[in-house]
Amino acid sequence: MNNFFTASEWEGMHEKYDIKKLKEMDYLVIDRLLNFEVFRDDDYKIKGKIMAEKTDIAKGDTNYYENHQAGEIVEYTNLTGSNSYGTVTYIIDQCLITARNSQYTNLGENPVEKLVIEFSASQVLKQYHGNKSNTEILIDWYINGPDISFPSSTERQFISTTKRKRSNIDPDYHLVNRQKQNSSSRDCAIVEYNGMKFIVFAVLKDIGPEWSHNIGVEYRREWGIPNETERKAIAEILSFAFGGQLLNVGSTEYDSDYNPLKEISVNPWGKNVVSRCKESKTSPVGFYYTDIAFKMEDILNHLVKKYLALRESLKLNSVLSRYWIAKDMPLGTNLPVLASGLEVLVDSWFKSSISKNKGIHIDKDTYWVMIEDELSSLSLKLDNYPFKEKILNKLKFAYNMGVNEKKEKFFEEINLPININDKKALRARNDMAHGSTIKSEKDIIKTLRSSRTYETLFERTILKILDYDGIYIDKSVKGWPARYMGDTPEEGC
């Protein structure tokens, strides 16, 4: 039954686009379009193929490769097509020709060149022109979602009716067959923030790529449809809460009856998309525990509101982007990247209006007045030394805290207790950043422990910043127990 709902419950390119007309371009002039299709490959990236005939060989620059050298950066182009009637248009953005093959036939006075052109693209816009309604519903589509139970249910109903009428015999149609199918699944949650709402839901299992758990985020005009930047921010905090980075693959705009008006399909971010989607995920707030999943809406209401309020001032999007990059990196090399994310947060915190300390030992102006005489005296004594300015600058800016001092003060300001293993994990970052290597099984175990501890500390820090006081998952301890944010963390084992 699920394939009947595909149009309203997954992104536009759930099947390939067969495009009937192609707009002519200077570099691609054809006489007859044989086939034009756009599709997703095995990694869910957008690809396309054009098959065409060309009779005037001298017309148009179709030999793409003869005009570009190997290794040269070439410009992207756009392709525009439509269906047979022009009621649906397709705009394929940032196309890059990846292969071109020609076969010549009728090699007399009127030769025919059969072209096969393959390309990659970054985005496809499918626009419907018959429906003049305004956008009432917008859904963003994501792969790499979580395999969890949601607190609310969706009911679906499919009704099929077959009627028959024999001409000149039956005065009216007779009911021949009627089928009715119902289904219900616990697959959605409604999130409210700042007077607005949206629904996050699990896409039906046999819709979308089978190697991924797929997610939709539905906005309605009656609740307020946020702009693209805000929707991106919402996806960021949902990703963190669910334990896996949601990879956007498009969006669809509908009228009030879920008839599509515009469908946008995009490439998912990053490489190794399939393997990333297949990896198991652990929600930092324990959504994989059924009893906590029932509280999902309350938790998301809080996290979304706080994240949107602090995202810009604390650069939380940059912080979380490093978190996801680190999770994809090999053991050990992930620690410096995690550390860079934490350092971005610490620096942003002390530059924000939230911090009381600002990451300094003493006020700059007060300090400079205090050392003015000593600075002048030292400057004279160092006149003949080439390192004079370096020493003076160290003295001038000694009111600033160092990197490690800032971290300690930061954890103190946000009132996040850390234990000895947290401190060891923070120091382990330095070892990896300065060339330490993993040589033995003992090194692997030690580095894995540091990695899990640092990751847990990172997650606790984000949750603390967002004033979250519920359950978190402690990956630094065997069994990954659930703990409360107010608890003092145990030493890992």
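To the nearest ten degrees, helix 296-310 and the longest principal axis of the Cα atoms of the chain are 70 degrees apart. Expressed as a whole number of Å, what is the distance separating the alpha-carbon centroids of region 178-224 and region 366-430? Taking the Cα centre of region 178-224 as reference, the centre of region 366-430 is 51 Å away. Shape analysis of region 181-285 places it in the rounded category; the axes a ≥ b ≥ c from the Cα gyration tensor give an a/c below 1.5.
In the chain the longest region clear of GluC sites (Glu not before Pro) that are loop-assigned by DSSP and have at most 14 other C-beta atoms within 10 Å covers 313-489.
Among the chymotrypsin sites (Phe, Trp or Tyr not before Pro) found in region 371-425, those both in a DSSP coil and sparsely packed, with 12 or fewer other Cβ atoms within 10 Å of their Cβ, are 387, 397. Loop-located trypsin sites (Lys or Arg not before Pro) in region 256-332 (DSSP state other than H, G, I, E, B) with a sparse environment of at most 11 neighbouring Cβ atoms within 10 Å: 271. Dipole orientation for region 289-368: of the candidates 293, 354, 337, 354 has the Cα lying most toward the positive pole (charges on Cβ; Lys, Arg +1; Asp, Glu -1). Over all other residues within a Cβ to Cβ distance under 9 Å of residue 220, the charged ones net out to -1, with Lys and Arg as +1 and Asp and Glu as -1. Considering only 204, 385, 112, the residue lying farthest towards the positive end of the dipole of the chain is 204, judged by Cα position with unit charges set on Cβ.
Computed from Cα atoms, the angle from the helix 441-465 axis to the main principal axis of the chain rounds to 80 degrees. Residues in region 322-358, backbone N under 13 Å from the label point at residue 271 (7 Å along the Cα-to-beta-carbon vector): list them, ranges by number please. Inside the label zone: 329-330. The sum of -39500 (n - 2.57) across all DSSP H runs of n ≥ 4, divided by the residue count of the chain, sets its helix-only mean residue ellipticity at 222 nm to -9500 deg cm²/dmol.
No value in this document is a laboratory result; all are computed from the given coordinates. Model, not experiment: these values are computed from the prediction. All Cβ positions, glycine included, derive from the backbone under ideal geometry; neighbour counts span all protein chains shown.
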